[in-house]
Amino acid sequence: MHSEALLRIREHAETGLQVRREFFERHAELVLEAGRHIALVLARGGKILLCGNGGSAADAQHLAAEFVNRYKLNRPPLAAVALSTDTSILTAIGNDFSFEEVFSKQVEALGRPGDLLLGISTSGNSANVVLALEAARRKGLKTLGFSGRGGGRMNGLCDLLITVDTALTPLVQEVHIAVGHLLCELADYYLFENASALEPYLAE
């Protein structure tokens, strides 16, 4: 029994390493572009809205905390809001309308042109995330998506869509949070460590 449990640990670790290695070999430039998008939104006075369900809700809250508090640098707080945290709003919308609208109504209330919505769904098909992305596009927000293999219904709704090519949800989530940390890293780099690298994009 002990050896079987150890085998499970090793298999998960090895599969996870392979998925992560292949993802970053293929998508490093896309992650860089997403990080630059985040930095541009913040540099121009916009904010980051984040949403997801279950583990993806936890990722949204985790990343919002990194932006507002700090990632590695001690620097000024950055504007970010996780839309999964206000239980009164979530339950009011879910009760009066539907669970599918719990994020889209908040985007309509809080989103402004120049902001960015990060929608996270391992399937790419979470109805409330899809509706939030649709609302964001109507309101003139930038849209960024994290999904699993294929992207699902999030395809066509995101200015940038970052997909992880595996059917294993836990490994999709592990890569998502790694990419999220890199977005924080890149935002800090462009805004506080090498602002001159962002200047050509700000002029566009």
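Residues satisfying the criterion are present in segment 5-14 (criterion: surrounded by 11 or more Cβ atoms within 10 Å (Cβ to Cβ) and either outside any helix (DSSP H, G or I) or more than 16 Å from the chain's Cα centre (by Cα) (or both)).
Of the residues screened, Leu141 is one that is in contact with an Asp or Glu (Cβ under 9 Å, 6 or more places away or on another chain) and over 20 Å from Asp59 (Cα atoms).
Looking only at segment 80-136, count every residue that is of a type in the set (A, V, I, L, M, F, W, C), over 18 Å from the mean Cα position of the chain (by Cα) and over 30 Å from Asp188 (Cα atoms) and tell me the total.
Let us first name the residues in segment 80-136 that are of a type in the set (A, V, I, L, M, F, W, C), namely 80-83, 89-90, 92-93, 97, 99, 102-103, 107, 109-110, 116-118, 120, 127, 129-133, 135-136.
This time we only want the ones that are over 18 Å from the mean Cα position of the chain (by Cα), so: 89-90, 92-93, 97, 99, 109.
Next, from what is left, pick out any that are over 30 Å from Asp188 (Cα atoms): 89-90, 92-93, 97, 99.
Selection size over segment 80-136: 6.
Note on segment 106-149: residues that are outside any helix (DSSP H, G or I) and either within 16 Å of Ser84 (Cβ to Cβ) or not polar (S, T, N, Q) (or both) total 22.
So which residues in segment 128-158 are on the phi > 0 side of the Ramachandran plot and modelled with pLDDT of 95 or more, if there are any at all?
Let us first name the residues in segment 128-158 that are on the phi > 0 side of the Ramachandran plot, namely 140, 150-152, 156.
Correct list: Gly140, Gly151, Gly152.
Checked against the criterion of being over 19 Å from the mean Cα position of the chain (by Cα) and assigned to a helix (DSSP H, G or I), segment 23-36 has at least one qualifying residue. Does segment 84-95 contain any residue that is β-branched (Val, Ile, Thr), at pLDDT 95 or above and in a loop (DSSP other than H, G, I, E, B)? Yes, there is a match, as at least one residue in segment 84-95 is β-branched (Val, Ile, Thr), at pLDDT 95 or above and in a loop (DSSP other than H, G, I, E, B). The set of residues in segment 150-164 being within 18 Å of Glu100 (Cβ to Cβ) and assigned to a strand (DSSP E or B) is empty.
Go through Gly119, Gly148 for me and flag whichever is more than 19 Å from Glu33 (Cβ to Cβ) and not polar (S, T, N, Q).
Checking each option against the conditions leaves just Gly148.
If Glu101 passes every condition in (1) surrounded by fewer than 20 Cβ atoms within 10 Å (Cβ to Cβ); (2) at positive phi; (3) touching a residue at least 24 places away in the same chain (Cβ under 8 Å) but one, which one does it miss? If we test Glu101 against (1) surrounded by fewer than 20 Cβ atoms within 10 Å (Cβ to Cβ); (2) at positive phi; (3) touching a residue at least 24 places away in the same chain (Cβ under 8 Å), just (2) comes out false. Among residues belonging to segment 44-71 that are out of contact with any Asp or Glu (no Cβ under 7 Å at 6 or more places or on another chain) and part of a loop (DSSP other than H, G, I, E, B), point out the one that is surrounded by the most Cβ atoms within 10 Å (Cβ to Cβ). Per the criteria, the residue is Asn53.
Go through segment 165-204 and give me each residue that's assigned to a loop (DSSP other than H, G, I, E, B) and of a type outside the set (D, E, K, R).
Of all residues in segment 165-204, those assigned to a loop (DSSP other than H, G, I, E, B) come to 165-168, 194, 198, 203-204.
Scanning segment 165-204 gives Thr166, Ala167, Leu168, Asn194, Leu198, Ala203.
Just a yes or no: is a residue in segment 113-123 out of contact with any strand residue (DSSP E or B) (no Cβ under 6 Å at 6 or more places or on another chain) and either among the aliphatic types (A, V, I, L, M) or at pLDDT below 95 (or both)? Within segment 113-123, none of the residues are out of contact with any strand residue (DSSP E or B) (no Cβ under 6 Å at 6 or more places or on another chain) and either among the aliphatic types (A, V, I, L, M) or at pLDDT below 95 (or both).
The values are calculated or read from the model by the stated rules, or taken from the named source; none is laboratory data. Bear in mind the structure is a predicted one, so any value in this text is a computation, not a measurement. Note that each Cβ is placed from the backbone with ideal geometry, even for glycine, and that neighbours are counted across all protein chains shown.
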